[in-house]
1. Give the Kirkwood hydrodynamic radius (Å, one decimal) of the range 256-311, defined as one over the mean of 1/r across all pairs of different Cα atoms.
2. Quick one: 3J(HN,Hα) in Hz for the range 169-177, Karplus 6.51/-1.76/1.60 with θ = phi - 60°, rounded, Gly and Pro as x.
3. Just the C-alpha atoms of the range 84-198: what Rg/Rh do they give, with Rh taken as the Kirkwood radius?
4. Could you tell me which residue out of Ala187, Pro264, Ala278 lies farthest along the dipole of the range 179-278 toward its positive end? Charges go on the beta carbon: Lys and Arg +1, Asp and Glu -1, centred on the Cα centre.
5. Could you compute the net charge surrounding His128? Neighbours are other residues with a C-beta less than 11 Å from the C-beta of His128; K and R count +1, D and E count -1.
6. Provide the three semi-axes, in whole Å and in decreasing order, of the ellipsoid equivalent to the chain as defined by the square roots of 5 times the Cα gyration tensor eigenvalues.
7. D for the range 4-47, whole µm²/s, Stokes-Einstein with Kirkwood Rh over alpha-carbon pairs at 25 °C and 0.890 mPa s: what number?
8. Given the DSSP H assignment, sum -39500 (n - 2.57) over each helix run of at least 4 residues in the chain and divide by its residue total; what's the result at 222 nm in deg cm²/dmol, nearest 500?
Amino acid sequence: MATLKDIAERTGVSVNTVSLALRGSPRVGQSTRERILESARALDYTPNHAAQSLVTRRNMTVGLLLTDMTSPVLTQVAQKLEIELKAKGYVTLLAASNGDGEEEERALATFRSRQVDGVLVYPNHRRHLDGIRRLAASGMPVILLAGKEVEGLDVVTIDEQHGSALAARHLIDLGHRRIGLIDSERATGNAEKIDGYRQALAEAGIEVDPALIVGPGGHGISQGYAAMAHLLTLPDPPTAVLASTDRIAMGGLRWCQENGIDVPTDVSVFGYDNVEYAEAAAPPLSSVNYPAEQIAQAAAELMLDRINTSADATKRIVLKPDLVIRSSTAGR
């Protein structure tokens with residue numbers, strides 16, 4: 001196995017210069033760096049991260065905990081985070097809690113036992129954060145990627161209440177007064193989306209009808225299908241429906257198609273997250289845009305800052321989403 005010394009002998013520079021060049025240090029000139037990188041490739045050099053960690057006290061690894069590997073928006077964020085961290089020399093160790101508190105605890109314990117340099121977390125439940133707080137109290141950098149109201153932890157997230165309120169206001173502006181909400185988030189302690197819905201209706205002087213708020217019992221297409229069936233078979237059904245995820249909305253669209261309900265003539269449907277397939281839905285789905293790239297950039301930047309420097313004050317970065325209007329919504 002090639003070593004730094006082998007590369008140094010091949011290029012005629014010091015071992016320290018080779019080390020600096022491989023770490024991307026600006027202290028090494030461009031031509032020298034290219035010569036060193038070419039020699040490293042020719043010798044099939046592989047960094048010994050175990051040896052490096054003894055010197056730097058870092059494993060160059062960041063843990064990322066998702067709640068659901070099948071969620072399009074979470075996997076999009078995971079991909080972009082991996083790209084951001086890889087550009088800085090870090091490997092991303094991925095795990096999922098699958099909506100289970102015990103699985104979340106096991107994943108956090110695994111990250112700790114592997115001595116990752118920091119952990120990014122989509123929490124399983126917004127109100128039950130004891131395991132995450134214990135990990136942060138141990139000295140490990142921990143950043144939540146959801147829960148703008150969480151105290152005592154770093155947070156990088158979007159303002160979900162703002163996004164929900166924007167969507168509901170848009171439907172109100174189109175002339176809708178009976179607006180249904182399929183809210184899959186409350187079961188995980190997240191009231192932001194229903195709060196935004198209530199806020200927009202109150203501002204417009206519309207009384208909230210509890211019969212129009214449905215908890216589908218899951219986040220999938222089948223749950224959205226069943227929830228839409230419930231709403232549109234009410235004696236006085238809504239003329240518009242806001243769903244807490246695009247997957248939920250897609251299930252609702254399918255029910256409408258199978259039951260002769262025209263979208264948006266008979267009912268408008270609004271999703272949340274603006275995942276890639278929302279544009280390909282039939283009809284194309286209006287949605288609240290989840291800024292995955294900006295979330296990933298901000299989270300990676302804050303994580304690297306936490307790894308490299310100590311700070312007592314926690315930081316909260318909350319991004320404001322916007323709307324993407326397509327043909328699943330129309331005026332009354």
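Just so you know, all these numbers are worked out from the coordinates, no wet-lab data involved. Remember, it's a predicted structure, so these values are computed and weren't measured experimentally. Methodologically, a virtual Cβ is constructed for each residue, glycine included, from the backbone with ideal geometry; neighbour enumeration extends over all protein chains shown.
1. After inverting the pairwise mean of 1/r, the radius is 14.1 Å.
2. Working through the residues one at a time gives 4, 4, 5, 5, 5, 7, x, 7, 10 Hz.
3. 1.08
4. So the residue we want is Ala187.
5. Cβ neighbours under 11 Å give a net charge of 0.
6. 47, 21, 16
7. Estimated diffusion coefficient is 247 µm²/s.
8. On the way: 12 runs with 141 residues, N = 332.
Helix contribution divided over all residues of the chain: -13000 deg cm²/dmol.
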